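Heads up, the thing below is written out as structure tokens.
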Amino acid sequence: MDYPSKVLAKAVEEISGLPGIGKKSALRLALHLLKQPESQAITLGDSLKKLVTEIQYCKNCHNFSDLEICEICSNQKRTNEILCIVEDVRDVMAIENTGKFRGKYLVLGGKISPMEGIGPNQLNITSIAKKLEIGAVKELIFALSATMEGDTTAYYIYRKFKNSDVKFSTIARGISVGDELEYADEISLGRSIQNRLPYNETD
């Protein structure tokens with residue numbers, strides 16, 4: 001496609017690099033921004049810049065945070081005895097939207113997937129060990145996707161820490177096999193957390 005401006009062409013190229021956005025959609029977005037007040041586009045640009053330069057990862061749980069410790073980890077009303085293991089920050093957001101969980105989280109940063117070259121060393125599994133060493137955690141909840149990779153990750157963590165003085169559980173399979181947590185409706189996900197089941201090697 002020929003563009004009347006190199007600046008417009010560059011904007012379309014960058015926008016189309018985002019997931020799910022093709023060149024035509026990118027062009028529509030770019031033209032929409034040009035029709036808006038200049039201040040709106042500048043505010044958007046500033047927000048995107050801050051997104052990549054100022055956002056932090058909580059040093060306790062690896063969730064996104066504006067500070068060194070996220071609001072969930074610093075909340076004294078939440079228990080340290082229950083630790084929910086999730087793959088992604090989006091899973092934390094999904095579970096928090098249910099309003100049914102009052103423990104803390106540990107974001108792995110993915111799941112074990114040999115096909116994608118992701119092994120245990122690429123995940124935040126050592127952070128689990130550090131939390132268990134402190135001795136506050138009494139229960140580990142696996143809130144991982146109902147996929148082979150999710151099950152493999154849960155099994156690996158269970159085998160690694162099964163001799164620890166901690167209870168293992170997994171969210172109830174109200175979530176369909178193959179589904180990611182972020183796409184589950186809040187009611188089903190909330191019930192899956194509340195009705196969690198003991199985890200064992202045959203799950």
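The values are calculated or read from the model by the stated rules, or taken from the named source; none is laboratory data. The shown structure was predicted, so the numbers you read here are calculated from the model rather than taken from an experiment. Heads up, the Cβs are rebuilt from the backbone with ideal geometry, glycines too, and the neighbour counts pull from every protein chain shown.
Annotation: of all residues in the range 118-165 being in contact (Cβ under 8 Å) with a residue 12 or more places away in the chain and among the polar types (S, T, N, Q), the one that is farthest from residue 95 (Cα to Cα) is 164. The lone criterion from (1) hydrophobic (A, V, I, L, M, F, W, C); (2) surrounded by 11 or more Cβ atoms within 10 Å (Cβ to Cβ); (3) over 30 Å from the mean Cα position of the chain (by Cα) left unmet by residue 1 is number (2). Within the range 61-78, the set of residues being in a loop (DSSP other than H, G, I, E, B) and either over 17 Å from residue 130 (Cα atoms) or modelled with pLDDT under 95 (or both) comprises 66, 67, 68, 70, 75, 76, 77, 78.
Per the conditions (1) touching a strand residue (DSSP E or B) at 6+ places or on another chain (Cβ under 9 Å); (2) in contact (Cβ under 8 Å) with a residue 60 or more places away in the chain; (3) not charged (D, E, K, R), the sole criterion not satisfied by residue 105 is (2).
Filtered by the rule that a residue be surrounded by fewer than 16 Cβ atoms within 10 Å (Cβ to Cβ) and among the β-branched types (Val, Ile, Thr), the range 115-146 gives 126, 134. Considering the range 97-109, and only residues there that are at pLDDT 95 or above and touching a helix residue (DSSP H, G or I) at 6+ places or on another chain (Cβ under 8 Å), the residue that is surrounded by the most Cβ atoms within 10 Å (Cβ to Cβ) turns out to be 105. A search for C-beta distances below 8 Å between a residue of the range 38-61 that is closer than 24 Å to residue 127 by Cβ and any residue that is part of a loop (DSSP other than H, G, I, E, B) and of a type in the set (Val, Ile, Thr), counting only pairs 6+ apart in sequence or on different chains, returns 58/69; 59/69; 60/69. In the range 72-80, is there at least one residue being in the same structural domain as residue 150 (by TED's automatic domain parsing), surrounded by 14 or more Cβ atoms within 10 Å (Cβ to Cβ) and of a type in the set (D, E, K, R)? The answer is yes; a qualifying residue exists.
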